[in-house]
Amino acid sequence: MHQLAIRNVHVLDGSGRAPFLGDVAIDAGRLVEVGEIGAARRNVDGRGRTLAPGFIDAHTHDDGALLRHPSMWFKVSQGVTTVVVGNCGFGAVASARSPATRSMLSLSPTWIDLAGYRAAIESSPPALNAIALVGHNTLREATLGLESRRASAAEMATMRSTVASAMEQGACGISTGLLYAPGAWAPEDELVPLTEAVAPFGGIYVSHVRDEFDGLLASVDEALRIGQQAGVPTHVSHHKAAGRSNWGMVPRSLERIDDAVMSGQDVTLDAYPYTAGSGPMAQYFRNGIDPGLAEGMRIASCPSLPHYEGRMLVDLAAEQGCSLEDVVRQILDAPDADQAICLQFLADEGDIEANLRHPRVMIGSDGIPELRGKPHPRLVGTFSRVLGVYVRQRRVCSLPEMVRRMTSLPAQRFGLAGRGRIEPGFHADLVLFDPATVVDAATYDEPLRPSVGIELVMVGGEVVWREGHATSARPGRLLAHELGATIAP
Ligand SMILES: [Zn+2]
């Protein structure tokens, strides 16, 4: 007799093949039978809905949120059961010595290494699972401070050994955020040896590339070179062409990636389904105030000037009869300026669709889990928006294929053994949804509205989300990377 059965569901197993009608049985947190199954003590009627492996959010900044918001309702409500943290070069490893990271991720580290971060998570577990990257910005600040100079041989050795020990403790690779300080000051010949340190562990190189604006193609080339020279797979984060003059560049950038794959490199990407980006405002104006960038900018959260939240900078400037630069300066001169988060409308809808059509693009929300003000709706809506708007309404990609790219593909990429498939022996991380109604409800003005059509979400066989509400179950863990298979061309 099984512990639990979910019956009468269309099983989308994560492989990309068409769904089949059947039941699944779960014992001790794992799937044990799929298709025709025996009797069970507890039975859930799936009413013909679709059952898929829980979605894997390939790109998040949830390092602090796992501890501050353990229900993780903004993720489980869209069907996400695992998040990849430590992105854009900022992560938990070495964060005790990186004030920039602590502020950006709202972390209060009591730990010194990944094992310590895991222990902190175990003492207050979240609803879903996570896997961590080592962040290069964090590592660099912890080692060199915020200094714009080359690392010495001794500093390189320190950073390399921190990367290697984090890999031993289960990190899945190293991430860079080369737009941001201090990563922007790192030359390529610093990044290659640090990336080499993940190679013996089967780790990967994940990059927020140096320039997503005019320099996109050169920056993608740099990421490919670093992965190739270090001998590890490359993963490009939140792939986009920013700035109106660069719209339409995504297909060209994808061609570069296709060429690299054809020549034998292992490359993947993630993207989110919105034309706006978001991040810490101070970082975008590090080198002066660019009025072109400020023009498309809106304030997400700003603790010192909360009445600016949800407002476009152009409207604030018009209202006050001052220049865009003046408004930016007001915000950056206010106390807690490092907490000011903005949205920038900078990408093209056609480029988003090009990303979502590509077989190596997975989904990464890039959400910033700051729930005050008007955060970017991608935090709450990404996965259901892809399924509702891009798969059902616009038919950019088939449902089985998109579910593959939300499940088994990222599981392989990030070394998550036993996850991302509905198969006997796999963990029972599952989402039950209605493909006919699933869609995001979070908007720029009402960014915290949970999605529609996500009926039941399980992590390790425990229900964490049911019909619009988070449960009190906290089965999540910080997972350890296991040597992943490479992704064949
Ligand atoms: Zn980034």
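Every read-out reported here was derived from the displayed coordinates using simple, explicitly stated rules and does not represent laboratory data. Please read all numbers here as calculations on a predicted model, not as lab measurements. In this analysis, Cβ positions are derived from the backbone assuming ideal geometry, glycine residues included, and neighbour counts consider all displayed protein chains.
Given a Förster radius of 41 Å and the C-beta distance between Q3 and I487 as r, what FRET efficiency does 1/(1 + (r/R0)^6) yield to the nearest 0.05? So the FRET efficiency works out to roughly 0.75. Each residue of region 281-295 was assigned a 3J(HN,Hα) from its phi angle through the Karplus curve 6.51 cos²θ - 1.76 cosθ + 1.60 (θ = phi - 60°); the sequence is 4, 4, 5, 6, 10, 4, 9, x, 8, 8, x, x, 6, 5, 4 Hz, with glycine and proline shown as x.
Once the Kirkwood radius over Cα pairs is known for region 178-333, the Stokes-Einstein relation at 20 °C and 1.002 mPa s delivers a diffusion coefficient of 123 µm²/s.
Full extension of the chain segment joining D189 with R150 gains 13.1 nm, where the gain is 0.36 nm per residue of separation less the Cα-Cα distance.
Percent of Cα pairs in region 284-343 per distance bin of 5 Å, from zero to the largest separation: 4, 21, 34, 31, 10, 0. When the label point is put 7 Å from the Cα of D434 along its Cα-to-beta-carbon vector, which residues of region 66-90 have a backbone N closer than 20 Å? Counting only backbone N, you get 76-80.
Any idea what angle helix 114-123 forms with the longest principal axis of the chain, computed on alpha-carbon atoms, 0 to 90 degrees, nearest 10? Here the helix axis deviates by roughly 50 degrees. Could you compute the FRET efficiency for S398 and R30, with r as their C-beta to C-beta distance and R0 at 22 Å, rounded to 0.05? Calculated transfer efficiency: 0.20.
Residues whose amide H falls under 5 Å from that of N129, counting only those 5 or more places apart or on a different chain, are T82, V83, R477, with hydrogens built in the peptide plane. Annotation: amide H-H contacts under 5 Å for V44 (H modelled 1.01 Å from N, sequence separation of 5 or more, or interchain): A5, I6, R7. Across region 258-264, coupling constants 3J(HN,Hα) worked out from phi with the 6.51/-1.76/1.60 Karplus curve, θ = phi - 60°, read 4, 4, 5, 5, 4, 8, x Hz, and Gly and Pro carry x. Globularity index of the chain is 0.93 (Cα radius of gyration / 2.2 N^0.38 Å, N = number of residues). Protection proxy ranking of 226-236, 391-401, by the mean of other Cβ atoms within 10 Å over each peptide's residues and highest first, is 226-236, 391-401.
For V32, the residues 5 or more places off, or on other chains, whose built amide H falls under 5 Å of its own are A25, I26, D27, G425.
Counted over the chain, the DSSP beta bridges are approximately 55% antiparallel.
Using θ = phi - 60° in the Karplus curve 6.51 cos²θ - 1.76 cosθ + 1.60, the 3J(HN,Hα) couplings for region 196-202 round to 4, 5, 8, 4, x, 9, x Hz; x is entered for Gly and Pro. Packing-based ranking of 95-105, 180-190, 132-142 yields 132-142, 95-105, 180-190, ordered from highest to lowest mean Cβ neighbour count within 10 Å.
Each label point was placed 7 Å from the Cα along the Cα-to-Cβ direction; for D221 and R47 their separation is 5.5 nm. If you sort the three axes of the alpha carbon gyration tensor as a ≥ b ≥ c, you get a/c of 1.5 or more for region 1-156 and a/b above b/c, which makes it prolate. I'd like to know which of I56, A40, L107 lies farthest towards the positive end of the charge dipole of region 40-176, counting +1 on Cβ of Lys and Arg and -1 on Cβ of Asp and Glu. Result: A40. Here region 114-164 and region 1-34 have alpha carbon centers that stand 38 Å from each other.
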